[in-house]
Amino acid sequence: MYKNHKPLTVNVISDLHFYAKSTGIVGPEFEKANAKSMFDLLHNEEILEALVKQLLKDNDTDIILVSGDLTNNGEPDSHEGAKKLLQKLKDGGKQVYMITATHDFRGGDETPKYTETGSVMIKTPPRDTLWDIWYDFGPAQAIATHRKSMSYVVQLADGYRLFALNDDSNWENSSGFSEELFHWIEEQAQDAKKNGQFIVPMTHHPMISPSPFYSIIGANDMMGDCTKRCHQLADMGIPWMLTGHSHIQDISYCYSEKGNIFYDITTAA
């Protein structure tokens, strides 16, 4: 906390993977998909409704950050369902800021809809449309935007700025920050420091492995060029990042070559 700044508390949630029942909850293919899923697709809506009720009971925190993968596989109805879910938080007086991630658009622009006898493929929203779909949950309140990456900056409170940094498809066709995006981040960091703002940064993919096992089995799910970016951020005065994706609760840290510390604070699904 910077001198004379009032304490700021936030709730961070990640990887909702909202699955709309209208996309199909019957048939052998659904049962197979549900068995393989890390989530209970059959009861996903009820579980997330319970989460919303819990968050609304928290009278100490009115800021909620959602660090990506809002939907299961980008199903159109799942986008609508997830929006209605987060709108309940806004209607209850919460400020909600999100970033999207790979599960919100999928690479092939289509995903299964399950039937009693099998499945059919349905179109998912193209990545470029997600900014408009989720505009009211962060971008609309932005004081600065990087439209190409769907990243933005919001004044969370007096003395605090959220850096909502979308790291999907920005680095050699994988996750990460492109050089163009990173230059924008540097500019925004300089402006924040000049104005005495504490930076609250959020992205989706982990920048430091949340466990020794993840380094082996999930190496391709790390942010592209993550070690380089950790060191650069630490040296420019952004010593931490809120992340998701791994579905693991963890705080890890590293030091840059200049001796500056950087923390990755990842939230489980």
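A few remarks follow.
- Members of segment 4-25 found to be over 20 Å from Met98 (Cα atoms) and at pLDDT below 95, listed by number: Asn4, His5, Lys6, Pro7
- Scanning segment 160-179 for any residue that is farther than 22 Å from His205 by Cα and in contact (Cβ under 8 Å) with a residue 24 or more places away in the chain turns up at least one such residue.
- The listed residue being modelled with pLDDT of 95 or more and either surrounded by fewer than 16 Cβ atoms within 10 Å (Cβ to Cβ) or under 26 Å from Met150 (Cβ atoms) (or both), out of Glu110, Glu29, Glu75: Glu75
To keep it simple, each residue is scored yes or no on (1) in contact with a strand residue (DSSP E or B) (Cβ under 9 Å, 6 or more places away or on another chain); (2) of a type in the set (Lys, Arg); (3) modelled with pLDDT of 95 or more; (4) under 27 Å from Val96 (Cα atoms).
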| residue | (1), (2), (3), (4) |
| --- | --- |
| Gln190 | no, no, yes, yes |
| Gln197 | yes, no, yes, yes |
| Gly218 | no, no, no, no |
| Ser252 | yes, no, yes, yes |
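- Top-ranked residue of segment 184-214 - restricted to ones that are of a type in the set (S, T, N, Q) and open to solvent by less than 60 Å² (accessible area, probe 1.4 Å), ranked as nearest to Lys6 (Cα to Cα): Gln197
- Residues that are within 16 Å of Gly68 (Cβ to Cβ), crowded, with 18+ Cβ neighbours inside 10 Å and in contact (Cβ under 8 Å) with a residue 24 or more places away in the chain are absent from segment 230-239 altogether.
- Taking residues in segment 199-220 that are touching a residue at least 12 places away in the same chain (Cβ under 8 Å), and partners anywhere that are among the β-branched types (Val, Ile, Thr), the pairs with Cβ atoms closer than 6 Å and at least 6 places apart or on different chains are Ile199/Ile238; Pro201/Ile238; Thr203/Thr243; Pro206/Thr243; Pro206/Thr266; Pro210/Ile248; Pro210/Thr266.
- Among the residues of segment 47-77, those that are within 16 Å of the chain's Cα centre (by Cα) and among the hydroxyl-bearing types (Ser, Thr, Tyr) comprise Ser67, Thr71.
- Scanning segment 127-156 for residues that are open to solvent by 50 Å² or more (accessible area, probe 1.4 Å), under 20 Å from Ser178 (Cα atoms) and part of a loop (DSSP other than H, G, I, E, B) yields Arg147, Lys148.
The values are calculated or read from the model by the stated rules, or taken from the named source; none is laboratory data. Bear in mind that the values here come from a model prediction, so they are computed numbers and not experimental data. Reconstructed Cβ throughout: ideal geometry from the backbone, glycine too, with neighbour counts over all protein chains shown. What goes into the accessible areas is simple: the full protein's heavy atoms, side chains included, and nothing from ligands, DNA or RNA. Shrake-Rupley method; radii C 1.70, N 1.55, O 1.52, S 1.80 Å.
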